[in-house]
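A quick write-up on the structure given underneath.
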Amino acid sequence: MFVDLSAWRMIIGLYHHKIATSKCKLHKLRITKLTLLVLIVFSCLLLLSGDVESNPGPSTRQGTISRTGELVYPSESSDQGNALASLLQEIKDEISQLRNEVREMNIKEEVANIRIDIEQLRTENEEIKERLEDSENRRKERNLIFYGLEEKKIGIETTSECEQLIREDVIAKLKDVSSDSDVCIERVFRLGKKQSDKTRPILVVFNKLRDSDLILSSGRKQLKDAHVKISEDYSKRVREIRKALIPHLVEAKEANKRAFLKNDKLIIDNDVFSINMATNELSKTGSRR
């Protein structure tokens with residue numbers, strides 16, 4: 001019985017080469033390849049057992065005569081057994097390596113899928129936040145906040161008293177508003193907790209967007225001497241951005257430039273700027289020309 005080990009090693013080498021060039025398909029073909037390895041091992045065991053010959057026929061081995069006169073044949077089974085044992089160990093190592101590679105590929109694939117899911121969730125979360133903020137800002141379009149209106153020091157200021165203060169000290173003094181009675185107010189109240197040393201601003205919800213726009217534009221021009229300031233009602237994020245934009249607004253005005261805030265943007269000489277909250281730097285995003 002003779003086993004061509006070089007042929008077997010060539011088969012194993014070719015098989016290993018195919019594995020190295022097809023790692024991306026290991027998870028699909030691992031059952032077929034492991035089956036092939038099992039067949040190779042089984043064939044080697046049959047050859048090693050000595051009961052099956054690859055090509056049985058008359059013995060061609062030539063023996064030698066020992067000193068005692070006995071015919072001694074060269075021992076092939078021992079050498080082939082060692083070689084086959086080595087080959088089997090190589091196959092075992094290949095199987096172990098295959099398992100590790102498949103396991104590693106599965107883990108990497110799972111991690112990659114998780115990262116994709118996280119990125120998708122992050123994108124969807126940002127979109128939802130933008131829609132919610134847009135909805136909130138639309139809901140606040142008819143709201144105005146008034147600063148500098150004296151607050152009742154003793155007792156609790158009622159809603160009727162707040163509304164009367166707005167109508168007498170603000171709306172009645174605006175020339176562009178034809179009649180105080182034409183302005184319909186849905187809600188009016190002070191913002192925050194009452195403090196003895198501070199006057200709280202008043203938030204007013206108007207029934208019509210036209211009324212709030214008219215009072216805002218007229219009030220900013222005509223109420224400067226009355227020390228009453230009017231601002232729009234924004235979401236928390238927009239308020240924080242506007243607060244960060246104020247130093248840049250002041251700097252632009254000190255440079256004799258026409259500058260003002262519009263929502264979460266700074267307008268300087270018809271150029272539109274946004275701010276990076278992390279670096280506090282302005283970046284041009286467009287133009288009003």
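Simple spin-label estimate for Glu133 and Glu168 gives 4.1 nm between the two label positions (7 Å along the Cα-to-Cβ direction from each Cα).
Given a Förster radius of 45 Å and the C-beta distance between Val111 and Arg239 as r, what FRET efficiency does 1/(1 + (r/R0)^6) yield to the nearest 0.05? Could you put the intermediate results ahead of the total?
Details: r = 40 Å, r/R0 = 0.89.
Rounded to the nearest 0.05, the efficiency is 0.65.
Rounded to the nearest Hz, the phi-derived 3J(HN,Hα) couplings of the range 163-169 under the Karplus curve 6.51 cos²θ - 1.76 cosθ + 1.60 (θ = phi - 60°) are 5, 4, 5, 5, 5, 7, 8, where x marks glycine and proline. Here the contact order of the range 115-202, divided by its residue count and restricted to Cα pairs under 8 Å and six or more residues apart, works out to 33 percent. Taking the number of Cβ atoms within 10 Å of each Cβ as an exposure proxy, the fewest-first ranking of Lys243, Lys253 is Lys243, Lys253. Per-residue extension of 0.36 nm, minus the Cα-Cα distance of Asp271 and Glu90, leaves a gain of 57.9 nm for this segment. If the segment from Lys257 to Arg99 were pulled out straight at 0.36 nm per residue, it would be longer than the present Cα-Cα gap by 49.8 nm. Projected onto their three principal axes, the Cα atoms of the range 235-289 cover extents of 28, 22, 20 Å, largest first. Packing, as the average of other Cβ atoms within 10 Å across residues, places the peptides 228-236, 275-283 in the order 228-236, 275-283, highest first.
Efficiency by 1/(1 + (r/R0)^6): what FRET value for Thr158 and Asn207, r their Cβ-Cβ distance, R0 = 22 Å, to the nearest 0.05? It comes out at approximately 0.65. Just list whichever of Lys108/Lys129; Lys175/Lys284; Lys129/Lys152; Lys236/Lys262; Lys198/Lys284 have alpha carbons separated by over 27 Å in the model shown. As for pairs spanning more than 27 Å Cα to Cα, those are Lys108/Lys129; Lys175/Lys284; Lys129/Lys152; Lys198/Lys284. Once you have the Kirkwood Rh of the range 186-289 from its Cα pairs, apply Stokes-Einstein at 37 °C and 0.692 mPa s and quote D in µm²/s. After rounding, the answer is 207 µm²/s.
Pairwise Cα distances in the range 144-233 exceed 21 Å in 24 percent of cases. A simple spin-label model places the labels of Asn82 and Arg200 9.7 nm from each other, with each point 7 Å out along Cα-to-Cβ.
We did not get these values from a lab; they are worked out from the coordinates using the rules stated. Every value quoted in this text rests on a predicted model; they were computed, and no experiment measured them. Positions of Cβ are generated from backbone atoms using ideal geometry, with glycine treated the same way; all protein chains shown enter the neighbour counts.
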